[in-house]
Structures are given as structure tokens and as C-alpha cells.
Amino acid sequence: MELEIKKTENGRDIWVVAKAKDFEETGMKVQDPSGGDPYLVPFADLRLAPKSLNSMQLKVKPDDELEAMLRDNIWERVKVNQIKGEMLVVESADGRTHIVDIGPKLRLGGLVYRKPSKSHMQIQSEKIPEDIYQWFKKTNGCEQLEHILGCCIAKVDHDLAGNISVFTFDGAIARRAKILFETFFKDQRQRMHLTQRQETVSKMLSKDDVKTDAPFVEEFEVSKQFMGLAIGTQGSNIKFAKTINGVRDVQFKETEDPNAPVRFYVYADNPDAAIEARNTLEYTTDVVMVPRKHVGNIIGKTGKVVQQIVDNSGVIRVQIADKTPESEEYVPFSFTGTRQSINDAEFLINYQLQIFNEMKEIRDNVDELQRRIFKPSNGRGGFRDRRITNGRNHSDTDGHRSDQSNERQNGSQSNRDDSRQRNGFRKNNGHDEYDEQEGEQPAERRRNENGGGFRRANRQPQQNGGFRQAQKQ
């Protein structure tokens, strides 16, 4: 937090910009821009800088009084002599003339400055998590928090179980500190883990242990955004690459350019070992183009097919472009992972496309055969007529079969009538009647001469065409 300290120079007041280091009951401990030990300044000799130093909208005229920063970090009163476009000719209290650009180094002379006091001080405190407490002290997390929030002082009270407190005269900054603590501690924890991993890997790849006399060296680059994946948790991927049979060592070199990729070197006894190590460490992003008509097949229902491709190939993630123009024949699938896993994902996609095409060809053949089987006849629809035999059409055949059927029926009826006549039956009023004179058997069955018992009379037809039961005699 910057404050301005009132000082006297040659009988005139000037204001020196200083950095606040601590908060006391009667004033603030500050440090001059030139350095040195902090010292206590009473609240009466302090003022807060205005929130905006933009003086581009100044409307001044000759003889107006302003404040100008003619020297670094020192504000003093001046008088306007002339206005020349975007510059002012001003005169300082010692009578010297200066030319000043209209900008942030000018302030209106009548500004009312805020005065700090104990009653205006606002404080926000939070306990530092134990797992990052030592790291917080080591990396001076207070300065980082001050830089993020702005006009404030951050202090760690080691007597209160590691509480950090933010002191400010600005209510908005106090609110920001309150909502920032949790996220800030989380970021510090992540920074600590990454730094520890970097130190571990740096020790593993110390130049003193490099085997540069290996017969094969495989070089490749990895983007800095994938370095965490390439190194692995606590250098696990580097350790695994070194255990590959034939690999002597693995190194990487970073440049000062934050956007430049990191170059890896694999030292091995044979090219196969070097390439295997490269496939383990080389993380990148590549695109596989999928025909638009097969995008739905590759994704599958609820993403089942593409998830299976990701799981089986070992890629980290896949992104499917969703805003490609409909006129584009192919849709890009962007895979992130090792070079080998991306190649495997592309192989699985091509395999799926091949299967889809083969299945489509088989389905088309089945459809064609079904169309041939159920092809309409004479334009009337229905099944195809398969009853044409020996050059005859089905109508002639049907007539011939109908005649044969009628003949068989008539012949059968005639044979039945002849049989009945031979056995003594004749037609009477629509009923069959037994004729005793013409039949081979008598009208009734008599009791056997050597046996006894009743005889059963023949049923005689009634007048209405029915039969009556004869009485026993």
C-alpha cells in the first residue's frame, strides 16, 4: 500500500510517495522509495493517493495552481504559465520553469485527499492451512496477496496459529480480501506441489548423470501446457521411461521463452527403445477427420462408442467440433494424449468406419434380395407368381385343376349311391330307407335260434321325415 508523507524542503511542503509496511496505533510504519529501515509516521503527516491519477480531462488556464510530479515519487505545487497543446509550461516554488505533459503526473491543486486514521482502518483475517504454512512463509505469500489486492498491508501473525490479516482503508479491498482467501490458499497449494515436482525432476535429470555417449538419441518437443502430463506425478513417467530396456537416460531442456516448447532427449542403446520411451513421454494434441455422415456412428448412443475408443486407446480426452459448416464433408475430432495413444485412437476410428461400410454393403444386398422376392406382378402388387409350369399360365392350370376336382367329387357321390342301392337303401323324402325285398338282410335282426334275449327292431321313418323307436316285442 502506497502512502504520501508530508515533508518540508526549503520552507515549502512536498509529498513523498512511500510504501506502508505496518500499522500502529498512532501512525503507519513506512519505507522510503530509496530503501532503508521502516520508520513510524503519525497519521497527521500522511495522506492517501487519489484512486484515479488520470489528468487528461484537466481544464486549466494560466495562473492556475496544480500539483506535479517533477521528480520521481515527489509531488509539489506549481503554477501554470502557458498552455501549449498537450503540454503545460509550469513554474515551481523555487522559480524554475518546467514543461509537463498533461497526464498522470499532474493533479488539480484543490483536491481533497483522504487522511488515514485508526478508526478508518478495516481488517480481514483468515487462518492459513497447516499444509501450506511453511510454504507460505518461504515464498512470502503476504507480498503476493498485497500485489493482487492493491492498496493494503498483509501480515502473518505467528502468535495466533498462523493467521494472516489484511489491513486497508478501502472497504472494497476489504471485501475482496474476504472472498479471495479460500481461492488464494488453493492456488498456493497447487503452486507448492508443482514446484516440488519440478525440483524432483530437476534432480533426476541432473547434467552430472547424463549419459551422452549413447549410440542413439531421440529428440522431440512437448508443449509447456503438457509438461505436467509428460513428467507424471512425482516424475513417474520419466522414471518409467528410464526403466525401458535399452534406455540409458532421459533429459529435457527449457528455454527462457514461456511460450517455447520443451525439448526432450532420450539416450538409448537401440532405436526401438528410444522410440518406445518417446511414445511414453510425447504428449500432444492431434486431429482425426471423420466423415460427417458417420459422426453419429463414431459417437454412438449416449457417447458409448467414442468413450470406448478413448478408454481402449489411452488418450486423455477428445473434443468434437460442434460448429463446423454443414457444407464441410468431414468433422474434426481433436485427441489429446501420447503420440502412440492418438495413433491407436485413429486406428480404432478407421476400423469402425470400415465395419460400418461393410455392414452397409451387406444390408444393401439383403434389401435388394427382398425387393426381388416381393417384386409386384403385372403392376398389381403382391407376391410374384411362381405357379407357372411347363409354359402354362396359372389361369389354365387353375381351370384344369377345378375340372379334375369336380370329376372326383361326382365320381365319389355316384359310387356311394351304387353301394347304398346294393345294400337295399333307397331315397324316400330325402332320407335313406332300408328295402326288405331288395336288400340282402331282413327288415329286423331276429334272435339267434340257439340263443335267447330280446330282438332289436329296425327304426322306421316317421311321416315328417324323422325316425321313431320301435317298441320291444
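Odds and ends about this structure:
- Among strands (runs of 3 or more DSSP E) entirely within the stretch 270-342, having at least 3 residues that are touching a strand residue (DSSP E or B) at 6+ places or on another chain (Cβ under 6 Å) and surrounded by 14 or more Cβ atoms within 10 Å (Cβ to Cβ) singles out 283-291, 330-338.
- Just one of the listed residues (327, 341, 313) is out of contact with any helix residue (DSSP H, G or I) (no Cβ under 8 Å at 6 or more places or on another chain) and of a type in the set (Gly, Ala, Ser), namely 327.
- Remark: pairs (first residue in the stretch 91-113, part of a strand (DSSP E or B); second residue among the aromatic types (Phe, Trp, Tyr) and modelled with pLDDT of 80 or more; Cβ separation under 9 Å; 6+ apart in sequence or on different chains) = 107/75.
- Residue check, residue 360 within 17 Å of the chain's Cα centre (by Cα) and either exposed (fewer than 11 other Cβ atoms within 10 Å of the Cβ) or more than 17 Å from residue 286 (Cα to Cα) (or both): no
- Residues in the stretch 140-185 that are over 16 Å from residue 123 (Cβ atoms) and hydrophobic (A, V, I, L, M, F, W, C): 148, 161, 184, 185.
- Whenever a residue of the stretch 348-374 is farther than 15 Å from residue 293 by Cβ, its partners that are surrounded by 10 or more Cβ atoms within 10 Å (Cβ to Cβ) and among the polar types (S, T, N, Q), lying with C-beta atoms within less than 8 angstrom and at least six residues away or across chains, give the pairs 348/312; 348/313.
- Some residue of the stretch 242-252 being over 16 Å from residue 216 (Cβ atoms), of a type in the set (S, T, N, Q), open to solvent by 70 Å² or more (accessible area, probe 1.4 Å) and part of a helix (DSSP H, G or I): yes
- Filtered by the rule that a residue be at pLDDT 85 or above and under 15 Å from residue 101 (Cβ atoms), the stretch 43-66 gives a lone residue, 66.
The values are calculated or read from the model by the stated rules, or taken from the named source; none is laboratory data. Note that the coordinates shown come from a computational prediction; the quantities given were computed from them, not determined experimentally. Cβ sites come from the backbone with ideal geometry, for glycine too, and all protein chains shown count toward neighbours. Ligands, DNA and RNA are stripped out before the accessible areas are found, and what is left, the full protein with its side chains, is counted by its heavy atoms. Shrake-Rupley method; radii C 1.70, N 1.55, O 1.52, S 1.80 Å.
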